[in-house]
């Protein structure tokens, strides 16, 4: 077992949890609840361990991603690359927000099972006061009156807004004053990433302990629901790349679709197999220079920046995941809440580490932004290998498209 990869061990743990959960769903109710009572705490511990890293990790990565950049290169690149990337992210999140409620509305889950999950969850979106979910309240709460209070309350969207503004403020002061602060946040981010890697070693146990109670309460329908989630991510990210990213590169970057496809394909292959956009960066740079004619200066700056900050597949995946968890727990998200989830997904995507499964960590603030139970990420983690491969492939496609458009338009 020790020679198996983490992804393989997580998938095996998921299969074991689903299998035993199905057996328990058909057993005596008292016996089933007794077993669940023993197993469930391990899943809670695993989720809590991930949650404790979220706030320092997200804040530190956002601050370093903004303030740690070279100001002169950002000035040369201009605002066009950032605008293009942000538009892609918003469009991706919007597509997820539109498709997910429609696709998952057809899922049929037993009302009794939903009631059990609702009773277990500490808070769900369906229990939120409608006044709290209004668009006006959502807009005014974007700027936190007290960032420390926002962190303590788990209000991730206002906290991310504060981190972005803080990073921009650091970027505007002298280098001698900025560097110590950036080094501090970079150290915090690296330490949190190391802690996350330690926690993920226990992912098979956590996934088993989270999937077994879920399936024991939901029965076989849970497996069908998970299959629907995986299929939607795979299809939506692929179609988005083909219908949006490729044509955008052709129209605004003045690169024929066939030529763009040949240039980005090696990086896509690396991204799909490794599930990390950072591993695909060398192939992105080589394809941009050799097949698209980008200069070494442009490709050497635009692509690393895009690879570190710009993940179009994650913006869609996080939004779809939040809507799926809401459906799984029987929570009816309002339009304002879906918009909040999509906006949080777009902003959070800037801070996702370029490692396999990095998006799953960012799912916690997205769920928290609409009051959904964080335990749901354990279910998604178990089947995240396939969606993560498609998300990462969409990520590198979007990174190449944004860089091509920025370089051509700037030229």
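The values are calculated or read from the model by the stated rules, or taken from the named source; none is laboratory data. Please read all numbers here as calculations on a predicted model, not as lab measurements. Backbone-built Cβ (ideal geometry, glycine too); neighbour counts: all protein chains shown.
If you go through the range 127-173 and keep only what is modelled with pLDDT under 70, surrounded by fewer than 17 Cβ atoms within 10 Å (Cβ to Cβ) and assigned to a helix (DSSP H, G or I), you end up with 127, 135, 136, 137, 139. Looking at this structure, is residue 195 surrounded by fewer than 17 Cβ atoms within 10 Å (Cβ to Cβ), part of a helix (DSSP H, G or I) and at pLDDT 90 or above? No.
So which residues in the range 170-184 are over 21 Å from residue 346 (Cβ atoms) and in contact (Cβ under 8 Å) with a residue 60 or more places away in the chain?
Initial filter on the range 170-184 (over 21 Å from residue 346 (Cβ atoms)): 170, 172-184.
Correct list: 170, 178, 181, 182.
Looking at the structure I just gave you, is residue 294 within 14 Å of residue 403 (Cα to Cα) and at pLDDT 75 or above? Yes; evaluated as a whole, the condition is true for this residue. Contact map, the range 41-66: first residue within 18 Å of residue 344 (Cβ to Cβ), second residue not in a helix (DSSP H, G or I), Cβ cut-off under 6 Å, separation 6 or more or different chains; pairs are 51/374; 58/351; 61/351; 62/351. Please determine, by comparing only the residues of the range 280-294 that are in contact (Cβ under 8 Å) with a residue 60 or more places away in the chain and within 16 Å of residue 249 (Cα to Cα), which one is surrounded by the fewest Cβ atoms within 10 Å (Cβ to Cβ). Residue satisfying both the conditions and the ranking: 292.
Within the range 378-391, does at least one residue satisfy the condition of being crowded, with 24+ Cβ neighbours inside 10 Å, closer than 28 Å to residue 167 by Cα and modelled with pLDDT of 75 or more? Scanning the range 378-391 turns up at least one residue that is crowded, with 24+ Cβ neighbours inside 10 Å, closer than 28 Å to residue 167 by Cα and modelled with pLDDT of 75 or more. What about residue 82, is it assigned to a helix (DSSP H, G or I) and modelled with pLDDT of 75 or more? Judged against the criteria, residue 82 is a match.
Candidates are the residues of the range 392-411 that are part of a helix (DSSP H, G or I) and modelled with pLDDT under 85; the one that is surrounded by the most Cβ atoms within 10 Å (Cβ to Cβ) is 406.
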